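Some notes on the structure that comes next.
Rule-based calculations on the coordinates, nothing more; no lab input. If you're wondering where the values come from, they're calculated on a predicted model, not measured in any experiment. Please note: Cβ atoms are built from the backbone with ideal geometry, for glycine as well, and neighbour counts cover all protein chains shown.
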Amino acid sequence: METGHRQRRIVGLDLGVASRHTAQVLDEQVEVIAKRRVEPTVEGFTTLEQAALAGADPGTRLEVVIEPTGAAWLPVAVWFTRRGHTVFRVSTQKAADLRRFLSRHAKSNSIDAHTLARLPLIDPDGLTPVALPATAAAATLDRRVRAAARLTDEIGTHKRRLIELARQAIPTIGTVLASPLSRTDLAVLERYADPRRLAAVRPDRLTALIHRVAHGHGDPAAKAEAFRSAARAALDLYGDHAAISFDSLADEITTEIRLIRTLETERDRHTDAREHAYRTVDATQLARTLPGIATTGGPILVAVMGDPHRFPNAAAFKSYVGLAPRASETGNTDRKGQPMSKAGNRRLRTQLIRSAETARQLDPQLAAVYHDQMVHKGAVHTKALAVVAARLAERAWTVMARNSPYELRDLHGNPVDPATARRIITDHYTVPDHIRRQRRSHKSGKAPHSAQRSPRRPSQPKHPTSHTTTSTPDETAA
């Protein structure tokens with residue numbers, strides 16, 4: 001007689017970088033079916049598959065659970081998904097929390113594998129199957145997005161190091177350097193990081209260098225004098241003290257600048273390839289119709305989302321990105337306004353929060369969300385942006401799932417052109433300056449009473465201006 005019971009075989013695979021992988025196979029009763037040490041080869045994975053499916057009903061598919069350990073996860077995901085099995089890649093933090101509970105006083109590869117195998121039974125709704133790129137162009141886009149982002153991060157690291165070195169050599173240089181560093185700043189520091197040389201250089205020569213690099217923008221003479229004045233102040237401060245080595249500092253600054261230039265060249269090369277791959281995957285540039293999702297955001301969104309239909313709805317995608325608030329319920333109390341979970345892809349989450357700053361200035365509905373958070377709910381700027389980013393994530397899924405461009409709409413759902421949208425925002429959803437001042441921290445002491453946040457009671461209705469912003473993405477975005 002058919003009972004409708006589905007047999008499960010769950011493989012927890014603790015990935016080894018310099019050693020073999022450790023696997024434990026459990027069934028739905030948490031009984032250990034097999035334990036194996038696995039080489040990352042066809043033979044090794046085939047042996048594990050056979051051991052895991054021994055005695056199982058025909059057609060049983062494995063649930064393979066792994067952590068994102070370096071690059072070791074990709075061969076596992078490719079082989080098992082090709083075989084029709086489901087692969088889950090869980091966050092290291094989630095696995096560590098369960099591991100801490102299961103084995104408080106010991107840690108081993110077998111315990112790690114057993115912990116991973118238990119996760120689908122303990123937190124089935126918290127796991128999302130790995131979705132590998134379906135086409136070569138999608139795989140290329142994913143790699144180019146990662147490479148460009150990594151090089152951008154490295155450039156930022158070297159620029160921060162460069163600024164610190166420059167401040168050691170010339171303590172007041174911070175008042176002269178642009179934020180972010182400009183090509184002019186790099187050109188001057190590359191040649192004159194030693195304040196002795198900078199103070200001695202002829203004003204017309206330094207002015208000519210700045211004029212050439214800046215292509216005539218700004219006031220080259222004033223910029224040159226600011227550099228020379230900072231150099232003279234450094235020499236007056238340090239004198240001839242032996243603790244400061246201007247030659248060594250200048251040489252290290254030059255090294256940092258050369259590294260920055262090399263990294264920028266490589267990043268630009270990957271960025272060009274990223275753009276080509278993006279236009280292949282998203283031929284109509286649908287992602288870029290979203291407000292605030294531009295040159296960088298479009299490729300990141302498409303690469304991380306993949307097939308939008310792998311998420312059942314917009315809320316699931318928002319949760320996947322980590323922009324959904326954490327749940328906090330006890331008894332009859334449901335605490336609202338909790339911090340976002342920050343699970344999922346950090347790069348896309350960061351991009352959506354950055355895009356939210358632009359989106360709230362372009363879209364009346366998102367501007368209303370931001371205004372309501374700042375004016376009526378006591379949120380600071382960053383928290384209000386996070387709420388807008390969550391709405392933007394929902395709308396991004398709706399746009400990509402519908403394969404239809406985004407449309408700006410007023411709060412009644414009527415399409416509006418960009419000029420009308422900005423006028424609505426200016427007239428109705430501009431946050432007053434005194435509200436912004438109240439939301440900022442006050443270092444001198446306690447913030448003014450008017451800036452104190454009074455939590456909204458669960459039974460208190462939402463402010464009328466936000467009633468349309470709570471509608472589903474299907475109602476608010478085309």
Order of Val30, Val64 - criterion: other Cβ atoms within 10 Å of each residue's Cβ, fewest first: Val30, Val64
Hz values of 3J(HN,Hα) by residue in the stretch 201-216 - Karplus curve (6.51, -1.76, 1.60), Gly and Pro given as x: 5, 5, x, 5, 5, 5, 4, 5, 4, 5, 4, 5, 6, 7, 6, x
Pairwise label distance in nanometres, His376 with Glu28, each label 7 Å out on the Cα-Cβ vector: 4.7 nm
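Given R₀ = 45 Å, what would the calculated FRET efficiency be for Arg347 paired with Leu121, taking r from the Cβ atoms and rounding to 0.05?
Values: r = 30 Å, r/R0 = 0.67.
The calculated FRET efficiency here is 0.90.
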Spread of Cα-to-Cα distances over 10 Å intervals beginning at zero, given as percent, for the stretch 140-273: 12, 39, 30, 14, 4, 0
Alpha-carbon centroids, the stretch 152-187 and the stretch 346-380: separation in whole Å: 30 Å
Sequence of Ser248, Ser355 once ranked by neighbouring C-beta atoms within 10 Å, starting from the fewest: Ser248, Ser355
The stretch 228-294 shape via C-alpha gyration tensor axes, a/c threshold 1.5: prolate
Gain on full stretching of the segment that runs from His434 to Leu235 - 0.36 nm per residue minus C-alpha separation: 67.2 nm
Under-5 Å amide H pairs with Val87, H placed in peptide plane, nonlocal only: Val64, Val130
Using θ = phi - 60° and Karplus 6.51 cos²θ - 1.76 cosθ + 1.60, couplings along the stretch 132-138 (whole Hz; Gly, Pro as x): 7, x, 7, 10, 5, 5, 5
Length released on extending from Ala273 to Gln7, taking residue separation times 0.36 nm less the Cα-Cα span: 91.2 nm
Packing-based exposure ordering (other Cβ within 10 Å, fewest first) of Lys35, Lys223: Lys35, Lys223
Whole-Hz couplings from phi, Karplus 6.51/-1.76/1.60, listed for the stretch 232-245; x for Gly and Pro: 4, 5, 5, 5, 5, 6, 7, x, 10, 5, 6, 6, 9, 10
